[in-house]
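The values are calculated or read from the model by the stated rules, or taken from the named source; none is laboratory data. This structure is a prediction, so every number in the text was calculated from the model and none was measured. Surface areas here come from the heavy atoms of the whole protein model, side chains and all, with no ligands, DNA or RNA. Shrake-Rupley method; radii C 1.70, N 1.55, O 1.52, S 1.80 Å.
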Amino acid sequence: MASERLWAWVREGAIALVVFVVFDIIGVVLTVIADFAGLLHRTLETSAPLGYAIWFVVAVFTSVMLYVRDPARSRAEGGRALVAASVVATLIGLASSLIWGRTGEPVAPDHPGITITWLATSVFAAVVWHVVMLSESRPRMENATGTPTTAPALVTAAPASTTKPVRRPRSGEQDTEFRRAGVFAAIGWIVGMTMLVFLDACFFVLAPFGGALRPLTDPILTAAVVLGPLWGVAAALWPIPRGAILPLHAPALIGSLFWLFAIIGGGVVSGMFGITDEIDAGLKAAATVAFACGALLGLVATFGWYLELREGRSKARADGAVTA
């Protein structure tokens, strides 16, 4: 038992170290792309706030890989993952402090503020995932070796006259009824959705159309701060707002990805022919068109989710009428 527990701690620490290293590389690449876009678009100047925003987003995705890679884990296993991630983040921070001040690059581990923001936000967001997403502990039992195992579900055969075909849940579908979030989980939803909607406004709205929407920056960010908590409360209490998070993000997410690919392709073109006013204006227009195409594709996905939701509700009403 002691060796198994030690191995579990070592495994969690190794996974956390690999996740931090991989996303550190991803953050550096995104920072380079942001600098590249700043050279391409003279109105989009890279700055310290942009660097912090990039690494904040990287931290959110780091936390997803640190914790949400196995959402069905038990509470003890989730706590072990959080402790291991915290220890690894602390060690990385201490090691990074030895090279702080040698370069001015806004990346981890070279920059102290960005490094601390990335590591601290990753651990904090993992704690939020632990509060919000951890499912109820499954019934567990110990076998002859003392190793925890999942208890088999009891199956009771129904009488032949009342047996009805039951559709097995597809992969990714919920096999349990919707449960409203508790107090702490609701707080997690409110905080998480506020951050998410605020990042939506920054990266999905202001970034692709920063120049055109610059006069509306304050109203857009204010609306995001107001909408985020409201969406968090709704997601904590009702299933549709919770299930709508990904479908409603599809247009902005796919559109921004298309915009980013256009920016990268435009950078290659500008490097080959040199940046002139005519080429720069044309590349901006091409990036805008790419964003619109991606947004339309995302709208198709959103509409498909709406049709599936409508079909599911119709089936539920029909099943209720048959039962009655």
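Residues 52, 67, 306, sorted by accessible area with the largest first, give 306, 52, 67 [1.4 Å probe; ligands and nucleic acids excluded]. For the stretch 215-222, 3J(HN,Hα) computed residue by residue from phi via the Karplus equation (6.51, -1.76, 1.60; θ = phi - 60°) reads x, 9, 4, 5, x, 5, 5, 5 Hz, glycine and proline entered as x.
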